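Asker: Let me give you the structure first, and then I'll get to my questions.
Read-outs throughout are calculated quantities, based only on the coordinates presented, and are distinct from any laboratory measurement. Every value quoted in this text rests on a predicted model; they were computed, and no experiment measured them. Using ideal geometry, Cβ is built from the backbone for each residue, glycine included, and neighbour counts are taken over all protein chains shown.
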Amino acid sequence: MNNGVIHMQVSVRDNNVDQALRVLKKKLQREGVFREMKLKQHFEKPSEKKVRQQAEAIRRARKAARKRLEREGVM
């Protein structure tokens, strides 16, 4: 990453542009580009941002706990 710019490359094989677009879309999704674009469409007040980030942290913690329980074989 250079100056906040992400360079992404997708190769097109056998003129299969549809497959290349699917791969690109998946990469963008994984990087969070679509989510970031959606968030930047409108101004978010600092208090709203803080509440959203706390809710996301809670969701991540719950998901991690669920995964940990699955790995331990409790569920």
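Asker: Roughly what angle does helix 17-31 make with the longest principal axis of the chain, taking Cα atoms, 0 to 90 degrees, to the nearest 10?
Answerer: 30
Asker: Right, something else. Compute the helix-to-body angle for 46-72: its Cα long axis versus the longest principal axis of the chain, expressed 0 to 90° and rounded to tens.
Answerer: Once rounded, one gets 90 degrees.
Asker: Same structure, new question: Run the dipole for the chain about the Cα centre, Lys and Arg Cβ at +1, Asp and Glu Cβ at -1, nothing else charged, and hand back the magnitude in debye, nearest 20.
Answerer: In debye, rounded to 20, the chain gives about 360.
Asker: If you don't mind, there's one more thing I want to ask. Once Lys and Arg get +1 and Asp and Glu get -1 on their Cβ, which of ASN3, LEU21, VAL51 lies farthest toward the positive end of the dipole of the chain?
Answerer: VAL51
Asker: Same structure, new question: May I ask for the net charge around HIS42, where only other residues with Cβ less than 15 Å from the Cβ of HIS42 are counted and Lys, Arg are +1 while Asp, Glu are -1? Display every interim value, and only then the final one.
Answerer: Details: positive: ARG35, LYS38, LYS40, LYS45, LYS49, ARG52; negative: GLU36, GLU44, GLU48.
Summing Lys and Arg as +1 and Asp and Glu as -1 gives +3.
Asker: Additional query: Per the helix-only calculation at 222 nm, which mean residue ellipticity applies to the chain, given -39500 (n - 2.57) for every DSSP H run of n ≥ 4 and division by its residues, nearest 500 deg cm²/dmol? Show your work: numbers first, answer last.
Answerer: Details: 3 runs with 49 residues, N = 75.
After summing the helix terms and dividing by residue count, I get -21500 deg cm²/dmol.
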